[in-house]
Amino acid sequence: DAGVTQSPTHLIKTRGQHVTLRCSPISGHKSVSWYQQVLGQGPQFIFQYYEKEERGRGNFPDRFSARQFPNYSSELNVNALLLGDSALYLCASSATGVSNQPQHFGDGTRLSIL
Amino acid sequence: AQSVAQPEDQVNVAEGNPLTVKCTYSVSGNPYLFWYVQYPNRGLQFLLKYITGDNLVKGSYGFEAEFNKSQTSFHLKKPSALVSDSALYFCAVRDGANRGSTLGRLYFGRGTQLTVWP
């Protein structure tokens, strides 16, 4: 069975641009979460979606937004990119939104801002 | 507030020796605890979890972890390390109380780089 898939794998943007990252969860999983991992740090929570509704939001500015589609795939959008947005963006899925289930991660999108 | 501390940035061990990667946590309610491993240029791979029950949890690839409520610790262990275990290890915690906006949120430590020498 396919795991969590993310696209693109790498992306280079310049300051002020906009970016859209995509995620397909494991088949049957209805919850998707997004994390930002800056080099040398642990992942930081950005959003969680379950059944197409936002269930949680981390401490990120309004430039960050996301949505979940009827097929449970998800997009993360970042506007007005800053140098500090350079990071590995990880998507994770779980079968439901309850907190005792592990999240399964994709390999991420590495975003570089010039 | 929920938080995780991994006090060691780096752990070095010889192949065949036991290994321990340390983790301490802080949560408001009952903790749900997880260990993940990250290989270079890859995402995080789930190793094991503690939800309730036995304090010794067994996971993938021969890893296990010991939950200690009084010390608020969840150390990762393996009896005999392999060179292929060399990777970055993350401890993570969730508040088991399922409070509203923190429902799905994992709090991660900074990670511990494990190097196993042949």
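Could you list, in sequence order, all residues of segment A:42-53 that are open to solvent by 70 Å² or more (accessible area, probe 1.4 Å) and more than 10 Å from every other protein chain (Cβ to nearest Cβ)? Break it down into steps so the answer makes sense when it comes.
Keep residues of segment A:42-53 that are open to solvent by 70 Å² or more (accessible area, probe 1.4 Å), which gives A:44, A:52-53.
Result: A:LYS52, A:GLU53.
Out of all the residues in segment A:54-71, which are within 11 Å of chain B (Cβ to nearest Cβ) and either in a strand (DSSP E or B) or basic (Lys, Arg) (or both)? Give the steps one after another, and end with the answer.
Of the residues in segment A:54-71, the ones within 11 Å of chain B (Cβ to nearest Cβ) are A:54-59.
Correct list: A:GLU54, A:ARG55, A:GLY56, A:ARG57.
Looking at segment B:70-90 only, could you name the residues that are closer than 19 Å to A:GLY40 by Cα and touching a Phe, Trp or Tyr at 6+ places or on another chain (Cβ under 6 Å)?
Within segment B:70-90, B:ALA87, B:PHE90 meet the criteria.
Please work out which one of (1) out of contact with any Leu (no Cβ under 9 Å at 6 or more places or on another chain); (2) more than 10 Å from every other protein chain (Cβ to nearest Cβ); (3) of a type in the set (Ser, Thr, Tyr) is the condition A:SER94 fails and give its number.
(2) is the only condition that A:SER94 fails.
Would you check which residues across segment A:74-109 are among the small types (Gly, Ala, Ser) and open to solvent by less than 20 Å² (accessible area, probe 1.4 Å) and list them?
Of segment A:74-109, the ones among the small types (Gly, Ala, Ser) are A:74, A:80, A:84, A:86-87, A:92-95, A:97, A:99, A:106, A:108.
A:SER74, A:ALA87, A:ALA92, A:SER93, A:SER94, A:GLY97, A:SER99, A:GLY106, A:GLY108, listed by residue number.
The values are calculated or read from the model by the stated rules, or taken from the named source; none is laboratory data. Just so we're clear, the structure is a prediction, and the values are computed from it rather than from any experiment. Don't worry about glycine lacking a Cβ; one is built from the backbone with ideal geometry, like all the others, and counts go over all protein chains shown. For accessibility, only protein heavy atoms count, side chains too; no ligands or nucleic acids. Shrake-Rupley method; radii C 1.70, N 1.55, O 1.52, S 1.80 Å.
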